[in-house]
1. Return the residues of segment 183-206 that are touching a helix residue (DSSP H, G or I) at 6+ places or on another chain (Cβ under 8 Å), surrounded by fewer than 22 Cβ atoms within 10 Å (Cβ to Cβ) and modelled with pLDDT of 95 or more; say none if nothing qualifies.
2. Being within 17 Å of ALA43 (Cβ to Cβ), in contact (Cβ under 8 Å) with a residue 12 or more places away in the chain, under 19 Å from the mean Cα position of the chain (by Cα) and part of a helix (DSSP H, G or I) is the requirement here; does LYS150 meet it?
3. Given the options ALA167, ALA219, name the one that is within 21 Å of VAL4 (Cα to Cα) and in contact with a Leu (Cβ under 6 Å, 6 or more places away or on another chain).
4. Can you tell me which residue is farthest from LEU199 (Cα to Cα) among those in segment 116-158 that are in contact with a helix residue (DSSP H, G or I) (Cβ under 7 Å, 6 or more places away or on another chain) and among the β-branched types (Val, Ile, Thr)?
5. Are any of the residues in segment 3-12 aromatic (Phe, Trp, Tyr), touching a helix residue (DSSP H, G or I) at 6+ places or on another chain (Cβ under 9 Å) and modelled with pLDDT of 95 or more?
6. Among residues belonging to segment 207-220 that are buried (at least 20 other Cβ atoms within 10 Å of the Cβ) and among the hydroxyl-bearing types (Ser, Thr, Tyr), point out the one that is modelled with the highest pLDDT.
7. Conditions first: (1) farther than 25 Å from LYS6 by Cβ; (2) part of a helix (DSSP H, G or I). VAL145 passes all but one, so which condition is the exception?
Amino acid sequence: MSEVRKLIAGNWKMHTTLAEARELARGIVQGLGADPQAEVAVAPPYTALAAVAEVVAGTPVNLAAQDVFWEEKGAFTGAISPVMLVDVGCSQVIIGHSERRQHFGETDATVNRKVKAALKAGLGPIVCVGETLAEREAGHTLQVVERQVKEGLAGLPADAAGRLVIAYEPVWAIGTGRTATPAQAQEVHAFIRTLLPELAGTPRVRILYGGSVTPDNAAALLAEPDIDGALVGGASLKAASFLAIIAAAG
């Protein structure tokens, strides 16, 4: 299996004022060094994107957004387009996070529209999939993930592989302190890889694990052969813990 550069992405969710965002970004940049072994991205709230873009400019830290709409412009109050994200300095965008699905009505169909729009604008989508606790306990994990992957990524061009990232985030492990074991996560990651024949090969589509990733469990998770990085929530809100997870990827 080919070696890939791991990606550690921090999802700041609905946290940080402008001052806090600048301070956190500076702490990450200063602690990271000029040539980290892992690729690094941070996803501040929309209000802090421009401020963080200034801090990370010229550094190894990529700027990501937490969501995007599928139209370039128009009468869509409150929405942010892919063009706007590129304009502010984003190179990546998180799409289909379980919190967007749970609280804001995101579906596999809207995920698909957003992924296509992001790719068209030159953004790298980080597409989230994962099952709820009830679905896992009912033995439906792979069925749910297969549907989300196939419907969310339907109709993508083969050359999307180099820009596309998938994040497996079991919903029951997000913000709960519960984490899938390395074996549980590896099983689903390996299964997802079998669903990507049209995107397989070179470059390999990176599949991240997300769900209460911490400095304590990161190394064991990242050691699994099909786990290509992490999408980090709470632990990305402190520079020290985020940097420790990045170091574990090396």
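The values are calculated or read from the model by the stated rules, or taken from the named source; none is laboratory data. Everything numeric in this text was worked out from a predicted model, so none of it was measured. Neighbour counts are summed over all protein chains in view; Cβ atoms, including those assigned to glycine, are modelled from backbone coordinates with ideal geometry.
1. Those that are touching a helix residue (DSSP H, G or I) at 6+ places or on another chain (Cβ under 8 Å), surrounded by fewer than 22 Cβ atoms within 10 Å (Cβ to Cβ) and modelled with pLDDT of 95 or more: PHE191, ILE192.
2. no
3. Working: ALA219 fails: in contact with a Leu (Cβ under 6 Å, 6 or more places away or on another chain).
Just one listed residue meets the conditions, ALA167.
4. So the residue we want is THR132.
5. Residues of segment 3-12 aromatic (Phe, Trp, Tyr): 12.
From what's left, touching a helix residue (DSSP H, G or I) at 6+ places or on another chain (Cβ under 9 Å): 12.
From what is left, the residues that are modelled with pLDDT of 95 or more are 12.
So far as segment 3-12 goes, yes, one or more of its residues are aromatic (Phe, Trp, Tyr), touching a helix residue (DSSP H, G or I) at 6+ places or on another chain (Cβ under 9 Å) and modelled with pLDDT of 95 or more.
6. Filtering segment 207-220 for residues that are buried (at least 20 other Cβ atoms within 10 Å of the Cβ) and among the hydroxyl-bearing types (Ser, Thr, Tyr), the one modelled with the highest pLDDT comes out as TYR209.
7. So VAL145 meets the others, but not (1).
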